[in-house]
1. Can you give me the Rg/Rh ratio for segment 68-119, using Cα atoms for both radii and the Kirkwood formula for Rh?
2. How big is the antiparallel share of DSSP beta bridges in the chain, given as a percent to the nearest 5?
3. In nm, to one decimal, how far is the modelled label at residue 99 from the one at residue 51, with both set 7 Å along Cα→Cβ?
4. Using Cα centres only, tell me the gap between segment 90-119 and segment 12-43 in whole Å.
5. Using 0.36 nm per residue, how much length does the chain from residue 40 to residue 72 gain when fully extended, once their Cα-Cα distance is taken away?
6. Collect residues whose amide H, placed 1.01 Å from N in the peptide plane, falls under 5 Å from the amide H of residue 101; neighbours closer than 5 in sequence don't count.
7. Can you compute the helix-only [θ] at 222 nm over the chain? Use -39500 (n - 2.57) per DSSP H run of at least 4 residues, normalise by all residues, nearest 500 deg cm²/dmol.
8. Kirkwood-based Rg over Rh for the chain (C-alpha set), two decimals?
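We did not get these values from a lab; they are worked out from the coordinates using the rules stated. Note that the structure is a prediction, hence the values are computed from the model and not measured. Cβ: placed from backbone, ideal geometry, glycine included. Neighbour counts: every protein chain shown.
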Amino acid sequence: SVPELLVEMNSKGLGLACVVSESGSFIGVFTDGDLRRLLTQCESPLGLTVQQAWESSRREDMATSAPLTVAAGSLAVEALSLMRDHRVTSLVIVDGDQKPRGIVRMVDLLREGIREPSS
């Protein structure tokens, strides 16, 4: 439910939460921005399921795009490069079955001294 989603987002302090299918496969990310759109576009958002809320809040340009992920075995520098290329600050880490296993944030990689190789 949306209230559970809000508790999850707030407790983790990441500003996002993973949206998964009934089988547990990753289908997308629900962000603080999605929440703002949902609250302005939906009459009673608290009665929606997480998937309904996520679908309702999608911007038109994002409706058909595949979610951006990084494989669990990827190097940190690969994740950093992917984030920079796509101008995002977080990536969902998925396993071979596309199930979310974690989230990696650019700020954490930079704090640990991860840098892309110089060209």
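1. Details: Rg = 10.7 Å, Rh = 11.1 Å.
In segment 68-119, Rg relative to Rh is 0.96.
2. Values: 10 of 13 bridges.
Of the beta bridges lying entirely in the chain, close to 75 percent run antiparallel.
3. 1.7 nm
4. Going from one Cα centre to the other spans 19 Å.
5. On the way: separation 32, 0.36 × 32 = 11.52 nm, distance 3.57 nm.
Gain on extension, residue 40 to residue 72, equals 8.0 nm.
6. Those qualifying (amide H under 5 Å, at least 5 residues apart or on another chain) are 93, 94, 95.
7. Working: 5 runs with 46 residues, N = 119.
My calculation for the chain gives -11000 deg cm²/dmol from helical runs alone.
8. On the way: Rg = 15.2 Å, Rh = 15.3 Å.
That ratio is 0.99, to two decimals.
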